[in-house]
Amino acid sequence: MNTIFYNNAKFWTDQSQIDLDNNKYLSSWVKTMPARLNYLADAVANFVMLNFNILRCGYEMIRMVYTWGKESLNFVNIGKELDSNLNHIVSDLAGIVLVRLGKDLRDRETFPFVFFVACVGIPFSIALINSL
């Protein structure tokens, strides 16, 4: 789901890139501010939709158990929407920090990679800090 916030962020990112290519660095930097705010708003919108999709997923799980797995098409579609929301949140958070990266990551499967790095990196970092 591409929201109006993402479309605005994409527009401002493109405008910033045009100014950057023309060596207008200050103007390029100024145009990243609306892009960052739009990425933030898009992340919030996707987070809200993620919570609604989790509730829908729970309802569909009950329905799927009740019908012995015959009614699983909605569950699969909601799972795809959940994955899309998670990927958009990751790309939006990247876009807040590095504007161009948010646009580049939008249609890639980024959440599984970030989840794996967090699951491995955080415990490793804690163990490293505790060993010092």
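The values are calculated or read from the model by the stated rules, or taken from the named source; none is laboratory data. Since we're looking at a predicted model, the values are computed, not measured. Reconstructed Cβ throughout: ideal geometry from the backbone, glycine too, with neighbour counts over all protein chains shown. Only protein heavy atoms, including side chains, enter the accessible area calculation; ligands, DNA and RNA are left aside. Shrake-Rupley method; radii C 1.70, N 1.55, O 1.52, S 1.80 Å.
Side notes on the structure shown:
- Test: residue in segment 75-87 that is without any contact (Cβ under 8 Å) to a residue 40 or more places away in the chain and either assigned to a loop (DSSP other than H, G, I, E, B) or of a type in the set (Phe, Trp, Tyr) (or both): yes
- Looking only at segment 70-104, and only at residues there that are charged (D, E, K, R) and under 18 Å from residue 45 (Cα atoms), the one that is surrounded by the most Cβ atoms within 10 Å (Cβ to Cβ): 92
- Selection count, segment 1-30, where residues are under 22 Å from residue 107 (Cβ atoms), assigned to a helix (DSSP H, G or I) and open to solvent by less than 70 Å² (accessible area, probe 1.4 Å): 8
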